[in-house]
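Everything below concerns the one structure shown next.
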Amino acid sequence: MKEVRILDVNVTDFEGDKEPLIFLHSFPMTGKMWDRQTEFLKDKFRVISYDLRGFGKSISNDNIITMEKLVNDFFHIINALKIRTVHTCGLSMGGYILMRALQKDSERFRSVTLVNTKLENDGNEELLKRSSSVIKIQSGGRQAFLKKLMPRLISTENRNNLDILKEINDIILLNTDEGICSGLIALSTRTDLSERTFEIPVPVLILSGSDDEINNKQEVDELYEYIRKNSKNNFVINYALRSCGHLCNIEKPYEFNLILQYFLNRIENERAIR
Amino acid sequence: MHKMINGISVYDNKNSKPPLLFVHAFPLNSDMWQPQIKYFDKDYRIISYDVRGLGKSISEDNLFFMENFADDLIDIIRNLNLEYVNAVGLSMGGYIIQRTLVKSPGLFRTITLADTKGEKDTDEALLARSEVVNAIRRGDRNSFVTGFIKKLISDINYNKPGLVNTLEKIISENSDKGICGAVNVLATRTTTLRQLQSLNLPSLILVGEEDILTPLNCSEQLAKVLSNSEMHIIKNSGHLSNIENPEEFNNLLEIFLKKHNGK
């Protein structure tokens with residue numbers, strides 16, 4: 001395993017002559033949120049994770065970030081690592097980045113796993129919520145902001161699970177106030193993917209936590225409908241993980257890993273047969 | 001006379017007349033209001049300021065939403081104890097006034113919205129703005145400024161000597177980060193059309209006849225939702241109608257202000 005810096009972005013590459021699989025984290029986390037997945041899959045795949053620009057170790061003096069910049073970073077990273085096509089997995093914000101990247105250049109993908117994410121961009125209400133979060137954090141209210149956000153990231157049944165809370169909190173602690181604010185702004189600059197259609201030539205796995213408070217079931221169904229309609233490949237799975245919320249990979253790592261592994265293996269096995 | 005209010009550089013002529021406050025366009029600063037500041041100086045208490053991150057209103061991180069800009073405007077009005085403000089905003093200035101108006105309608109006597117609109121950015125606009133941030137951060141500021149000035153003013157005014165230099169000089173006072181921060185504010189603003197519908201405030205809508213950034217239909221839409229509004233098209237002008245045709249701009253503004261300030 002090695003860490004490389006690609007245009008101010010800190011990338012962890014488990015290396016090896018295997019099919020590459022890259023993970024994109026959610027707000028306000030870092031690449032570390034995927035530790036259980038990278039550990040589980042690193043023997044079969046060349047696993048890569050990174051801190052999105054502005055988060056974790058990918059902080060620089062350039063904090064004015066747009067969603068499109070984060071999308072371009074994704075392409076820069078796979079180019080720099082000399083990866084032609086890649087399996088991808090993104091949760092929430094990571095999913096937004098992957099969907100836009102898929103829209104820009106689907107030929108670089110081998111598969112896409114979208115976890116607790118949605119098609120639409122921010123409406124007035126969300127824009128104003130993000131605004132007030134930024135204003136709150138800028139005036140020293142980071143703790144209050146996180147105290148409100150943290151419970152929403154996990155299912156009700158895990159809200160008193162100190163191990164899970166600590167694991168999430170420790171990751172969020174890796175982010176600066178500025179990084180969190182620039183992430184909130186970047187989220188608001190994303191385009192509305194539901195507005196136009198594009199052909200999706202690769203297998204897609206849609207994963208959701210059944211108790212996710214941030215993305216509801218209707219949003220997941222809309223995403224599934226959209227992907228199914230635009231899929232040229234006809235290999236689309238929509239799977240809800242039970243008894244977990246937004247950060248379902250942390251709440252239910254075992255189930256998460258198994259379904260992801262099943263999806264990836266099926267693709268590679270089919271390729272091998274052909 | 002300039003003073004700093006919460007990091008914002010504010011000009012105030014401090015006379016005892018009705019307040020007339022100007023909010024500037026992107027990527028300019030309060031210097032763009034010179035033709036109006038001179039013209040209205042005797043009859044109004046003139047206030048203008050550099051939007052946060054631009055001109056002399058320096059920001060450390062330049063991370064903000066439109067909500068920060070609206071809160072700044074409210075702060076200025078409260079700090080100077082202004083009542084029943086006549087507010088004039090062009091383009092970004094118009095967005096700032098619209099959002100402030102939605103938050104605190106009681107602060108204003110009249111609003112003038114020039115070369116602006118009520119809808120948030122489309123996907124195309126969002127991607128174009130992202131490209132502006134990219135260009136500036138990779139050091140292509142000059143080509144951005146040159147290209148943008150061409151869009152700001154009409155072709156005829158672009159080819160007249162003087163105006164391009166004036167605009168370049170104003171823009172040169174803004175930092176790269178300040179400009180990029182403002183781009184993201186523009187990209188993440190809300191749609192105000194529905195909220196404006198319930199207001200009965202006297203409103204003047206102005207638009208340059210050759211405005212390509214916020215064309216006539218944008219102003220028509222605003223005039224339609226603002227029930228107590230009048231709209232005028234300014235001849236021989238692109239997006240920067242207050243600079244491109246100050247005579248007509250000032251004249252229309254003066255008539256409107258007199259009507260609503262008991263003169």
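Rounded to the nearest Å, what's the spacing between the alpha carbon centres of the stretch B:5-71 and the stretch A:138-152? Just the number, please.
Measuring centre to centre over Cα atoms gives 32 Å.
Calculate for chain A the 222 nm mean residue ellipticity that helices alone would give, adding -39,500 (n - 2.57) per DSSP H run of length 4 or more and normalising by residue count, nearest 500 deg cm²/dmol.
On the way: 10 runs with 122 residues, N = 274.
Estimated from H runs of four or more residues: -14000 deg cm²/dmol.
Give me D for the stretch A:147-265 in µm² s⁻¹, whole number, from Stokes-Einstein with Rh from the Kirkwood sum over alpha-carbon pairs, 4 °C and 1.567 mPa s. Please list the in-between numbers first.
Numbers: Rh = 16.2 Å.
It comes out at roughly 80 µm²/s.
Check the protein assembly as shown for me: any Cys whose beta-carbon has no other cysteine beta-carbon within less than 4.7 Å?
A:89, A:181, B:180, B:218
Quick one: angle between helix A:142-153 and the longest Cα principal axis of chain A, in degrees between 0 and 90, rounded to 10, please.
40 degrees
Label-point separation (nm) for residue B:43 and residue B:254, each offset 7 Å from Cα along Cα-to-Cβ?
Going by the 7 Å Cα→Cβ label model, 0.6 nm.
Using θ = phi - 60° and the Karplus curve 6.51 cos²θ - 1.76 cosθ + 1.60, what whole-Hz ³J(HN,Hα) does each residue of the stretch B:58-64 get, with Gly and Pro shown as x?
7, 10, 6, 9, 6, 9, 8
Percent of Cα-Cα pairs more than 21 Å apart in the stretch A:10-151, please.
Working: 4531 of 10011 pairs.
The calculated P(r) of the stretch A:10-151 puts 45 percent of pairs beyond 21 Å.
Which one, A:273, A:109, A:31, projects farthest toward the positive side of the charge dipole computed for the stretch A:2-273 from Cβ point charges (K/R +1, D/E -1)?
A:273
Roughly how far apart, in whole Å, are the Cα centres of the stretch A:207-249 and the stretch B:151-224?
Here the two parts' Cα centres lie 41 Å apart.
From Cα coordinates alone, what are the radius of gyration and Dmax values for chain B in angstrom?
16.9, 52
Need the list of lysines near residue B:103 for cross-linking: C-alpha distance under 19 angstrom, and skip anything on the same chain fewer than eight residues off.
A:129, A:136, B:117, B:120
Run lengths n ≥ 4 of DSSP H only: what is the helix-derived mean residue ellipticity at 222 nm for chain B, with -39500 (n - 2.57) per run over all residues, to the nearest 500? All intermediate terms of the calculation are to be shown ahead of the outcome.
Details: 12 runs with 120 residues, N = 263.
Value at 222 nm, helices only: -13500 deg cm²/dmol.
Compute the length gained on full extension between residue A:144 and residue A:36: take 0.36 nm times their separation in residues and subtract their Cα-Cα distance, giving the result in nm to one decimal.
Details: separation 108, 0.36 × 108 = 38.88 nm, distance 2.85 nm.
Separation in residues times 0.36 nm, less the Cα-Cα distance, equals 36.0 nm.
Using the basic label-point model (7 angstrom from Cα toward the beta carbon), what is the residue A:232 to residue B:194 distance in nanometres?
3.8 nm
Roughly what percent of Cα-Cα pairs across the protein assembly as shown reach past 34 Å? Intermediate values should be presented prior to the final figure.
Numbers: 61133 of 143916 pairs.
Value for the protein assembly as shown (Cα pairs over 34 Å): 42 percent.
Considering every residue in B:125-134, what mean count of other chain Cβ atoms within 10 Å of its Cβ is obtained? Spell out each step's value before the answer.
On the way: counts 1, 9, 6, 1, 3, 12, 3, 1, 7, 4.
Across the residues of B:125-134, the mean count of other-chain Cβ atoms within 10 Å is 5.
Taking Rh as the Kirkwood radius computed over C-alpha pairs, what is the Stokes-Einstein D of the stretch B:1-157 at 20 °C in a medium of viscosity 1.002 mPa s, expressed in µm² per second?
On the way: Rh = 16.5 Å.
Here the translational diffusion coefficient equals 130 µm²/s.
So who's got an amide H within less than 5 Å of the one on residue B:174, skipping anything under 5 residues away but keeping other chains? H placed 1.01 Å off N, in plane.
B:55
Mind listing P(r) for the stretch A:67-187? All alpha-carbon pairs, 10 Å bins, whole percents.
Pairs per bin, as whole percents: 11, 35, 35, 18, 2.
Check cross-link reach from residue B:56 to the aspartates and glutamates: straight Cα distance under 14 Å, and skip same-chain residues fewer than eight apart.
Leaving aside aspartates and glutamates fewer than 8 places away in the same chain, those within reach of residue B:56 are B:31, B:173, B:176.
Counting partner chain Cβ atoms within 10 Å of every residue's Cβ in A:69-78, what's the average?
Values: counts 5, 1, 1, 2, 0, 0, 0, 0, 0, 0.
Counting other chains' Cβ atoms within 10 Å and averaging over A:69-78 gives 1.
Please provide three numbers in whole Å: the alpha-carbon extents of the stretch B:1-79 along the principal axes, with the largest listed first.
Principal-axis extents of the stretch B:1-79 (Cα, largest first): 38, 25, 19 Å.
Taking every eigenvalue of the Cα gyration tensor of chain A, multiplying by 5 and rooting it, what semi-axes result, largest first, whole Å?
Details: eigenvalues 143, 85, 77 Å².
Taking √(5λ) for each Cα gyration eigenvalue gives 27, 21, 20 Å.
In percent, how large is the relative contact order of the stretch A:2-273, given Cα pairs closer than 8 Å and 6 or more residues apart?
After rounding, I find 21 percent.
At a Cα cut-off below 18 Å, give the aspartates and glutamates reachable from residue B:42, other chains included and same-chain residues fewer than 8 away excluded.
B:12, B:247, B:254
Could you work out how much longer the chain between residue A:177 and residue A:76 gets when fully extended? Use 0.36 nm per residue separation minus the Cα distance between them, nm to one decimal. Please report the intermediate quantities before stating the final value.
Details: separation 101, 0.36 × 101 = 36.36 nm, distance 2.58 nm.
Computed gain between residue A:177 and residue A:76 is 33.8 nm.
Quick check: residue separation of residue A:159 and residue A:266 times 0.36 nm, minus the Cα distance between them. What number comes out in nm?
On the way: separation 107, 0.36 × 107 = 38.52 nm, distance 3.45 nm.
Stretched out fully, the residue A:159 to residue A:266 stretch lengthens by 35.1 nm.
Would you tally the net charge around residue A:233, using a Cβ to Cβ cut-off of less than 14 Å, leaving residue A:233 out, and scoring K and R as +1, D and E as -1? The partial results should precede the final answer.
Values: positive: A:110, A:228, A:229, A:232, A:266, A:271, A:274; negative: A:107, A:199, A:270.
Local charge sum for residue A:233: +4.
Tell me, what is the Rg over Rh of the stretch A:200-274, with Rh the Kirkwood radius over Cα pairs? Walk me through the intermediate numbers first.
Working: Rg = 13.3 Å, Rh = 13.2 Å.
Rg/Rh: 1.01.
Just to check I understand the Karplus step: with θ = phi - 60° and J = 6.51 cos²θ - 1.76 cosθ + 1.60, what whole-Hz values come out for the stretch B:41-53, glycine and proline as x?
3J(HN,Hα) across the stretch B:41-53, in whole Hz: 4, 6, 9, 9, 7, 8, 10, 9, 8, 8, 4, 3, x.
For the stretch B:125-136, just list the computed ³J(HN,Hα) in residue order, Karplus coefficients 6.51, -1.76 and 1.60, θ = phi - 60°, integers in Hz, with x standing in for Gly and Pro.
Listing the rounded values in order: 5, 4, 5, 5, 5, 4, 5, 4, 4, 4, 4, 5 Hz.
Within 10 Å of each Cβ of A:109-119, how many other protein chain Cβ atoms are there on average? Mind showing how you got there, number by number?
Values: counts 0, 0, 0, 0, 0, 0, 0, 0, 0, 0, 0.
Averaged over the peptide's residues, the number is 0.
Hey, for a label at residue A:2 modelled as a point 7 Å past Cα toward Cβ, could you say which residues of the stretch A:31-48 have their backbone N under 16 Å away?
A:46-48
If Rh is defined by the Kirkwood formula over all Cα pairs and Rg also comes from Cα, what ratio Rg/Rh do you get for the stretch B:113-221? Walk me through the intermediate numbers first.
Numbers: Rg = 15.6 Å, Rh = 15.7 Å.
For the stretch B:113-221, the value is 0.99.
All of the numbers you see were taken from the coordinates with simple rules; none came from a lab. Values in this document were obtained by computation on a predicted structure and should not be read as measured data. Note: ideal-geometry Cβ built from the backbone for every residue, glycine included; neighbour counts use all protein chains shown.
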